[in-house]
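Structure record follows, encoded as structure tokens.
The values are calculated or read from the model by the stated rules, or taken from the named source; none is laboratory data. The shown structure was predicted, so the numbers you read here are calculated from the model rather than taken from an experiment. Here the Cβ positions follow ideal geometry from the backbone for every residue, glycine too, while neighbour counts run over all protein chains shown. These accessible areas exclude ligands, DNA and RNA; they are computed on the full protein's heavy atoms, side chains included. Shrake-Rupley method; radii C 1.70, N 1.55, O 1.52, S 1.80 Å.
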Amino acid sequence: MKEQFIELLKSTNREGIENLLAFLEKTDFYVAPASTKYHGAYKGGLLEHSMKVYEILKEKIKNEKLDVKEDTIIISALLHDICKLNFYKVDYRNAKNEKGEWEKVPYYTIDDTIPYGHGEKSVMMISEYIKLTNEEKYAIRWHMGFTEPKELYGTIGQAYKKYPLALLLFEADLESTYFYNI
């Protein structure tokens, strides 16, 4: 899956993509979980989630007959959660095993060393390596949709009208999370 992820990003031919990929190699992106407990909460979950979002997003764009460039689909889907790299840490807690005995078990916890939000953090991190189109910026920024604070709902709605890709990325992210638990 890692090889396919890398090949897809390379296929965009974006200036700086090699530097972005070199950066990802120095992080936990390929082995990080997608969340602490909600979806993809296992080693490699973030990579698997990103690939599933790409798969779903491609199908949604085809079904809606939207004119979206392939490189935009790849970048938006595969990098929407780049903000989660080096974000989760393993910690331990006590839990009872099948025999009813207490033992230390690992679990994921959050260690946010760059508290810059979620979608906006991903846009910021990607932009350090490659130039994003406005459509990509909006899609990645607003991929959390209506899980954002209600005060932003009007802004989110405007973004979705201006860039339908943003709404489809939100939907693809939700489907990956809730239909596939990835």
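Quick notes
- Magnitude of the charge dipole, the range 1-98, Cβ model with Lys/Arg +1 and Asp/Glu -1, debye to 20: 380 debye
- Rounded D (µm²/s) - the range 115-182, Kirkwood Rh over Cα pairs, Stokes-Einstein at 10 °C, 1.306 mPa s: 128 µm²/s
- Averaging Cα coordinates gives a centre for the range 76-155 and one for the range 1-58; these two points are 13 Å apart.
- Close amide H contacts of residue 69 (hydrogens built in the peptide plane, cut-off under 5 Å, sequence separation of 5 or more or a different chain): none are found.
- Span-like helix ranges in the chain, DSSP H, alpha carbon extent 15 angstrom or more, Kyte mean at least -1.0: 45-64, 164-178
- Residue-averaged [θ]222 nm for the chain, counting only DSSP H segments that reach four residues, each worth -39500 (n - 2.57): -15500 deg cm²/dmol
- Mean Cβ neighbour count within 10 Å, used as a protection proxy, ranking 28-40, 90-102, 135-147 highest first: 135-147, 28-40, 90-102
- Computed with a 1.4 Å probe over protein heavy atoms only, the accessible surface of the range 72-124 comes to 56 Å² per residue.
- Relative contact order, percent, the chain [alpha-carbon distance under 8 Å, six or more residues apart]: 25 percent
- With the charge dipole of the chain set up from +1 on Lys and Arg Cβ and -1 on Asp and Glu Cβ about the Cα centre, the Cα lying farthest toward the positive end among the listed residues 167, 66, 147 is that of 147.
- Those aspartates and glutamates that a straight Cα-Cα span of less than 20 Å connects to residue 2, excepting residues fewer than 8 apart in one chain: 18, 25, 28, 48, 55, 70, 71, 81, 173
- For the range 101-110, 3J(HN,Hα) computed residue by residue from phi via the Karplus equation (6.51, -1.76, 1.60; θ = phi - 60°) reads 9, 6, 8, 7, 10, x, 8, 8, 10, 9 Hz, glycine and proline entered as x.
- Among 76, 56, 19 the positive-end extreme of the charge dipole of the range 1-77 (Cβ point charges): 56
- Carbon/sulfur fraction of accessible area - the range 1-105, other protein chains in place, 1.4 Å, %: 47 percent
- Within straight-line cross-link reach of residue 162, aspartates and glutamates at Cα separation under 17 Å, skipping those fewer than 8 residues along the same chain: 64, 67, 135, 136, 171
- A Cβ-based charge dipole, computed about the Cα centre of the chain with Lys and Arg at +1 and Asp and Glu at -1, lands at about 240 debye.
- For the range 13-105, lysine pairs separated by 8 or more sequence positions, or belonging to different chains, with Cα-Cα distances below 17 Å total 15.
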